[in-house]
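Heads up: the structure comes next, in structure tokens.
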Amino acid sequence: MTTPRQLKLGAFMRPVSIHTGAWRYPNAWRDANFNFGHLKRLIQTLEKARFDAFFMADHLAMLNMPIEALKRSHTATSFEPFTLLSALSQATEHIGLVATASTTFDEPFHIARRFASLDHLSNGRAGWNIVTTSNPDAALNFGLEEHLDHDQRYARAREFYDVVTGLWDSWADDAFVRDADSGVYFDPEKLHTLNHKGQYLSVRGPLHIARPPQGWPVIVQAGASEPGRQLAAETAEVIFVAPGTLDEGREFYADVKGRMARIGRDPDHLKILPGAFVVVGDTVEEARRIRAHLDSLVHEQSAIASLSVALGVDASRFDLDGFLPPIPPTNASRSTQERVLALADREQLTVRQLAQRLGGYAGLSFVGTEQTIADEMQTWLETHGSDGFNIMFPWLPGGLDDFVAKVIPELQARGIFRKEYEGTTLRENLGLPRPVNRFFG
């Protein structure tokens, strides 16, 4: 008897709930985004449930929306991911620690050093979410007047990946002999200087930190644009994506895994985890009432601002009770814009209706009982729509606690989610190989 495929589960934890109304929900922790005690309790709960990873998204600028909308957002402040995850690494033993770091507004040496340090501190649980940064306001915080062109950002990201992984391979695994009798601390023959000079980057190296326990921290990507899909096929080991339907999920899954096979990568060495907003109730009707209450807590100003961010244009000038006019491509996230336009077309939503959906959460949602939610997750897994999910909770701590107490046991009872961790590193738990050192075999 063959073992059924196993779901991989991440927890999207920055913001702690992506829903704009989450902080206003009854008994929600209003300050959860910026309260270390709360975040420590949440990650320990997720670890007890055997989640694969705790994911800290990051932003390098305030959300580019009017202050009247921004003042209603619980995402206005948040910890810097490395600082937080380094602290949380000492309060956990098994759960992966994934942080976003930008290839547009940071340098490869910084990224390589930080993630190598986090991997050592956590004994092999770090993951790097590679982003090119879609918010154009971020450029203004780094001495630039304009954001890099979309395609140029992806070309830089591809070279950036080569440099960072090359720096992680600076040392052979057995380079540090630490022979007190001879006085030799490391073997110079097992140290490689990168000396990279490329189109966008020039980095000498070597990285002055031992090779990470995992070889490389797990490479995570997000996005579904054409350049994003190709970058993922070439480099990613986990990808966070936002399909609106199962059919879209299957198309993305087949496309990216097919690209991997064509370039000689094993498709099993990439785990595709769609973002899924999950609301659990004792009945389907109760879960829908919870979702409706959440959506009712989103202010109209926030709704229109959220739509503007997603489209990359000012939506406040549109007729709110009409349909969207033609929207040109922008320099923001192409995949996000395409997903929103597809949603508006598929459900024939007016601008107002679309804004209300975006103001709460407009992506893939599972709203129901633990049985109906497990049914949907199992269908995605078994029909190759995904390898698991990156779970978004409706509010904290109750939404997370409900998922852990109800859905996790149901998934375990079906044999599609672990009861114990498979190993000690994030790679082992995800079923990913340890990369071979390109310079020392």
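A compact table of results
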| item | result |
| --- | --- |
| Given (1) crowded, with 22+ Cβ neighbours inside 10 Å; (2) modelled with pLDDT under 95; (3) within 27 Å of Arg156 (Cα to Cα), index of the condition Thr104 fails | (1) |
| Among residues of the range 198-228, those that are in a helix (DSSP H, G or I) and in contact with a strand residue (DSSP E or B) (Cβ under 9 Å, 6 or more places away or on another chain), counted | 1 |
| Glu80 surrounded by fewer than 20 Cβ atoms within 10 Å (Cβ to Cβ), at pLDDT 95 or above and within 18 Å of the chain's Cα centre (by Cα) | no |
| Test for His59: is it more than 18 Å from the chain's Cα centre (by Cα) and open to solvent by 20 Å² or more (accessible area, probe 1.4 Å) | no |
| Failed condition for Val436, given (1) touching a residue at least 60 places away in the same chain (Cβ under 8 Å); (2) closer than 28 Å to Ala310 by Cβ; (3) among the hydrophobic types (A, V, I, L, M, F, W, C) | (2) |
| Test result for Asp255, free of Cβ contacts under 8 Å to residues at least 12 places away in the same chain and open to solvent by 30 Å² or more (accessible area, probe 1.4 Å) | no |
| Leading residue by the ranking (nearest to Ala305 (Cα to Cα)) among those in the range 1-56 that are modelled with pLDDT of 95 or more and of a type in the set (Gly, Ala, Ser) | Ala28 |
| Members of the range 308-333 that are part of a helix (DSSP H, G or I), open to solvent by less than 70 Å² (accessible area, probe 1.4 Å) and in contact with a helix residue (DSSP H, G or I) (Cβ under 8 Å, 6 or more places away or on another chain) | Ser308, Ala310, Leu311, Ala315 |
| Subset of the range 66-93 (residues that are over 12 Å from Lys40 (Cβ atoms) and aromatic (Phe, Trp, Tyr)) | Phe82 |
| From Leu167, Leu194, residue being touching a residue at least 24 places away in the same chain (Cβ under 8 Å), assigned to a helix (DSSP H, G or I), buried (at least 16 other Cβ atoms within 10 Å of the Cβ) and not aromatic (Phe, Trp, Tyr) | Leu167 |
| Some residue of the range 30-46 being among the β-branched types (Val, Ile, Thr), touching a residue at least 60 places away in the same chain (Cβ under 8 Å), more than 23 Å from Leu432 (Cβ to Cβ) and in contact with a strand residue (DSSP E or B) (Cβ under 9 Å, 6 or more places away or on another chain) | no |
| Complete set of residues in the range 121-149 that are surrounded by 17 or more Cβ atoms within 10 Å (Cβ to Cβ), in contact with a Pro (Cβ under 7 Å, 6 or more places away or on another chain) and modelled with pLDDT of 95 or more | Gly124, Ala126, Gly127, Trp128 |
| Helices (runs of 4 or more DSSP H) lying entirely in the range 347-423 (those with 1 or more residues that are of a type in the set (Val, Ile, Thr)) | 351-360, 370-382, 408-413 |
| Where a residue in the range 77-91 is more than 13 Å from Arg114 (Cα to Cα) and its partner, wherever it lies, is among the aromatic types (Phe, Trp, Tyr) and open to solvent by 40 Å² or more (accessible area, probe 1.4 Å), with Cβ under 9 Å and at least six apart | Thr77/Phe34; Ser78/Phe34; Phe79/Phe34; Phe79/Phe36; Ala87/Phe36; Ala87/Phe79; Leu88/Phe36 |
| Positions within the range 289-307 being in contact (Cβ under 8 Å) with a residue 60 or more places away in the chain, surrounded by fewer than 23 Cβ atoms within 10 Å (Cβ to Cβ) and of a type outside the set (D, E, K, R), in sequence order | Ile290, His293, Ser296, Leu297, His299, Gln301 |
| Odd one out for Phe36 among (1) open to solvent by 10 Å² or more (accessible area, probe 1.4 Å); (2) touching a His at 6+ places or on another chain (Cβ under 6 Å); (3) not hydroxyl-bearing (Ser, Thr, Tyr) | (2) |
| Residues of the range 262-288 that turn out to be part of a helix (DSSP H, G or I), open to solvent by 60 Å² or more (accessible area, probe 1.4 Å) and either among the small types (Gly, Ala, Ser) or modelled with pLDDT under 95 (or both), as a count | 1 |
| Sole exception among (1) within 22 Å of the chain's Cα centre (by Cα); (2) open to solvent by less than 20 Å² (accessible area, probe 1.4 Å); (3) of a type in the set (Val, Ile, Thr) for Val351, by number | (1) |
| Candidates Arg158, Arg178, Arg211, Arg229 - the one that is basic (Lys, Arg), without any contact (Cβ under 8 Å) to a residue 40 or more places away in the chain and buried (at least 17 other Cβ atoms within 10 Å of the Cβ) | Arg229 |
| Any chance Arg158 is assigned to a helix (DSSP H, G or I), touching a Ser or Thr at 6+ places or on another chain (Cβ under 8 Å) and of a type outside the set (S, T, N, Q) | yes |
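The values are calculated or read from the model by the stated rules, or taken from the named source; none is laboratory data. Nothing here was measured: the structure is a model prediction, and the numbers come from that model. Because the Cβ atoms are built from the backbone with ideal geometry, glycine has one as well, and the counts that use them run over all protein chains shown. For accessibility, only protein heavy atoms count, side chains too; no ligands or nucleic acids. Shrake-Rupley method; radii C 1.70, N 1.55, O 1.52, S 1.80 Å.
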